[in-house]
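Participant: Sharing a structure with you now.
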There are 2 protein chains.
Amino acid sequence: MHRALVVEDQNLMRLALMAELRAGLRDCYVAGAQTLPMAKQLLEQDQFDLVITDPGLPGFDPTSRHDRLHVVETIIEAAPGAVHIVVTGSDDEEEASACRLLGARAYVCKTGLSQGELPLVLEQIDRGEFSIQLSDLDTAQLDLRFPTLTPREDEILAMMMHRNTGTKRRAVFQELATKAGINAASAERYYKQARAKLLKLGRLPEGL
Amino acid sequence: MHRALVVEDQNLMRLALMAELRAGLRDCYVAGAQTLPMAKQLLEQDQFDLVITDPGLPGFDPTSRHDRLHVVETIIEAAPGAVHIVVTGSDDEEEASACRLLGARAYVCKTGLSQGELPLVLEQIDRGEFSIQLSDLDTAQLDLRFPTLTPREDEILAMMMHRNTGTKRRAVFQELATKAGINAASAERYYKQARAKLLKLGRLPEGL
DNA sequence: CGCAATGGGGATGGCATCATCCCCTTTTGT
DNA sequence: ACAAAAGGGGATGATGCCATCCCCATTGCG
């Protein structure tokens, strides 16, 4: 049973990170805290295996290096046995190094963190590496979401729209099949279904 | 058919905001852009009814008042017919006023924005008001999420844990029943189911 | 005592999604 | 011209969640 804690003041982001953890970890339960005192309280009450912290908490100056590192240090000292990941909105390689010295095992920039990528960070940590993920706008994302689509349909459509030019659709079907552990023909079926729905709505983006 | 655009560089937050819109609006489709050029491109291609913008985009200094307002102004000028909501990580009442002068209809702080609250902002806008939502840590949240629980079970548990002391469980069942449009007995059933699952895991929080 | 609130469940039908299997036509590339 | 890729769908069983209705025992309180 894994126990994880997310310390982050933005409600939607905290819930999103908690959802990522739930999806990525098996047999875990995930707690969330909005402020440093709450986090300390939870860390006293219970033992955690994994803690994700955003140093920009209310009550501290998010632009002050000193304040931010103080938050990280306080959390790490309150749970010395846990794996610590720092998640931040602003990129800073120096701050990453400082967090590493404080005992953090990863430093991840929110701008570069997409859905499903947290497990990759955890794998890196498992291999004993310090995982740095800075912002990466080369792969800048442009999303479209349609309400009538099921998650699977949405997923294959997103992959199809983000594919590199020249990539065959077939290859994308195979990619989803491998990633999701399903049949490539099923992936193709979802794509067709999604396409049909968008056609009916008259909202088919270019590039089909 | 409502068309909405979310301009936000943090992937998880953008997806969360897009999910909020999908849940809150009927018959809509939602696009997302990670950078200002992408947003401008989308706004040229298509007409949007609603645009949500985070002024702290990559390529601009998030601490610079000038840069942030420039982003807001650029977006609003690119879609003068749309309703504009500014969503920001850092609280600032002066910035809120400046955004209002630029034509924004709401200024919302991420720290104070919980799941399901975006519809309230939209209602305020519909009534012609300028909606300001600054950070509110009086109702600071402490969340627990358990992986084996279904969304409904999670929901009723969260409501139960956040209830005011002295409130009867019955009252909470009624509250969920009203909010979700279901039977109070059903709400009770979900609570019991959730409780049973946590008991089996030996992870029942205090306060049952 | 009687009654309300709580704890602990079983069984049900409806519904959406998932994943798979099958069919066919049209377009594209070489 | 022939093969590969793509477009367009029907039908299926399994599964999980939703919402409901039903049963019971225990606890607290006036």
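Participant: May I ask you to say which residue of A:GLY59, A:GLY116, A:GLY32 is surrounded by 14 or more Cβ atoms within 10 Å (Cβ to Cβ), under 24 Å from B:ALA16 (Cβ atoms) and of a type outside the set (Phe, Trp, Tyr)?
Facilitator: Working: A:GLY59 fails: surrounded by 14 or more Cβ atoms within 10 Å (Cβ to Cβ); A:GLY116 fails: surrounded by 14 or more Cβ atoms within 10 Å (Cβ to Cβ).
Result of the check over A:GLY59, A:GLY116, A:GLY32: A:GLY32.
Condition check ((1) farther than 30 Å from A:ASP54 by Cβ; (2) touching a residue at least 12 places away in the same chain (Cβ under 8 Å); (3) within 16 Å of DNA strand D (Cβ to nearest atom); (4) not assigned by TED's automatic domain parsing to the domain that holds A:VAL7) across all residues:
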| site | (1), (2), (3), (4) |
| --- | --- |
| A:CYS109 | no, yes, no, no |
| A:GLN124 | no, yes, no, no |
| A:GLU129 | no, no, no, no |
| A:LEU157 | yes, yes, yes, yes |
| A:MET160 | yes, yes, yes, yes |
| A:GLY166 | yes, no, yes, yes |
| A:SER186 | yes, no, yes, yes |
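Participant: Can I ask one more? Tell me which residues, restricted to region B:163-181, are within 11 Å of DNA strand C (Cβ to nearest atom), under 25 Å from A:GLY32 (Cα atoms) and surrounded by 14 or more Cβ atoms within 10 Å (Cβ to Cβ).
Facilitator: Selection gives B:ARG163, B:ARG169, B:VAL172, B:PHE173.
Participant: When you go through (1) touching a residue at least 24 places away in the same chain (Cβ under 8 Å); (2) within 24 Å of B:LEU42 (Cβ to Cβ) one by one for B:PRO80, which number turns out not to apply?
Facilitator: Status for B:PRO80: all satisfied but (1).
Participant: Ok, one more. What are the pairs, 6+ residues apart or on separate chains, where a residue within region A:28-45 that is polar (S, T, N, Q) has its Cβ under 9 Å from a residue that is part of a helix (DSSP H, G or I)?
Facilitator: Sorted first by the residue in region A:28-45, then by its partner, the pairs are A:GLN34/A:ASN11; A:GLN34/A:ARG14; A:GLN34/B:THR111.
Participant: Here is a further query. How many residues are near DNA strand D (Cβ under 6 Å from one of its atoms) and surrounded by 18 or more Cβ atoms within 10 Å (Cβ to Cβ) if we restrict to region B:188-197?
Facilitator: Filtering region B:188-197 down to residues near DNA strand D (Cβ under 6 Å from one of its atoms) leaves B:189.
From what's left, surrounded by 18 or more Cβ atoms within 10 Å (Cβ to Cβ): none.
Total satisfying the criteria: 0.
Participant: Turning to a different aspect of this structure: Among the residues of region A:4-18, write down those that are within 8 Å of chain B (Cβ to nearest Cβ) and in a loop (DSSP other than H, G, I, E, B).
Facilitator: Passing the criteria: A:ASP9, A:GLN10.
Participant: Go through region A:55-174 and tell me which helices (runs of 4 or more DSSP H), entirely inside it, have 1 or more residues that are within 14 Å of another protein chain (Cβ to nearest Cβ) and of a type in the set (Asp, Glu).
Facilitator: Details: elements: A:65-78, A:93-102, A:118-126, A:151-162.
Of the helices (runs of 4 or more DSSP H) lying wholly inside region A:55-174, those with at least 1 residues that are within 14 Å of another protein chain (Cβ to nearest Cβ) and of a type in the set (Asp, Glu) span A:65-78, A:151-162.
Participant: Given (1) within 14 Å of DNA strand D (Cβ to nearest atom); (2) closer than 18 Å to B:GLY116 by Cα, where does B:ASP143 come up short, assuming only one miss?
Facilitator: It is condition (1) that B:ASP143 fails.
Participant: Still on this structure: Checking A:LEU101 against (1) farther than 23 Å from A:LEU15 by Cβ; (2) hydrophobic (A, V, I, L, M, F, W, C); (3) outside the structural domain of A:GLY56 (by TED's automatic domain parsing), which single condition isn't satisfied?
Facilitator: (3)
Every residue, every condition in (1) touching a Leu at 6+ places or on another chain (Cβ under 7 Å); (2) at pLDDT below 90, yes or no:
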{"site": "A:VAL72", "(1), (2)": "yes, no"}
{"site": "A:ILE76", "(1), (2)": "yes, no"}
{"site": "A:ALA96", "(1), (2)": "no, no"}
{"site": "A:GLY112", "(1), (2)": "yes, yes"}
{"site": "A:LEU134", "(1), (2)": "no, yes"}
{"site": "A:GLN141", "(1), (2)": "no, yes"}
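Participant: Going by what's in this entry, would A:ALA23 be described as more than 8 Å from chain B (Cβ to nearest Cβ) and at pLDDT 95 or above? Even if it seems obvious, please write down each step before you answer.
Facilitator: Working: more than 8 Å from chain B (Cβ to nearest Cβ): yes; at pLDDT 95 or above: no.
No; evaluated as a whole, the condition is false for this residue.
Participant: Does region A:187-208 hold any residues that are part of a helix (DSSP H, G or I) and within 15 Å of A:ASP154 (Cβ to Cβ), and which are they? Spell out how you get there, then give the answer.
Facilitator: Step one: filter region A:187-208 for residues part of a helix (DSSP H, G or I), giving A:187-201.
Once the filter is applied, which keeps residues that are part of a helix (DSSP H, G or I) and within 15 Å of A:ASP154 (Cβ to Cβ), region A:187-208 yields A:ALA187, A:ARG189, A:TYR190, A:TYR191, A:LYS192, A:GLN193, A:ALA194, A:ARG195, A:ALA196, A:LYS197, A:LEU198, A:LEU201.
Participant: Quick check, is A:ALA184 within 16 Å of DNA strand C (Cβ to nearest atom), crowded, with 16+ Cβ neighbours inside 10 Å and either more than 12 Å from chain B (Cβ to nearest Cβ) or under 19 Å from B:MET13 (Cβ atoms) (or both)? Break it down into steps so the answer makes sense when it comes.
Facilitator: Working: within 16 Å of DNA strand C (Cβ to nearest atom): yes; crowded, with 16+ Cβ neighbours inside 10 Å: yes; either more than 12 Å from chain B (Cβ to nearest Cβ) or under 19 Å from B:MET13 (Cβ atoms) (or both): yes.
Yes.
Participant: Sort out which residues of region A:32-58 are closer than 16 Å to A:PRO80 by Cα and either outside the structural domain of A:ARG105 (by TED's automatic domain parsing) or small (Gly, Ala, Ser) (or both), and write them in order of number.
Facilitator: A:ALA39
The values are calculated or read from the model by the stated rules, or taken from the named source; none is laboratory data. Fair warning: this is a prediction, and the values are worked out from it, not measured in the lab. FYI the Cβ positions are ideal-geometry reconstructions off the backbone, even for glycines, and counts take in every protein chain you see.
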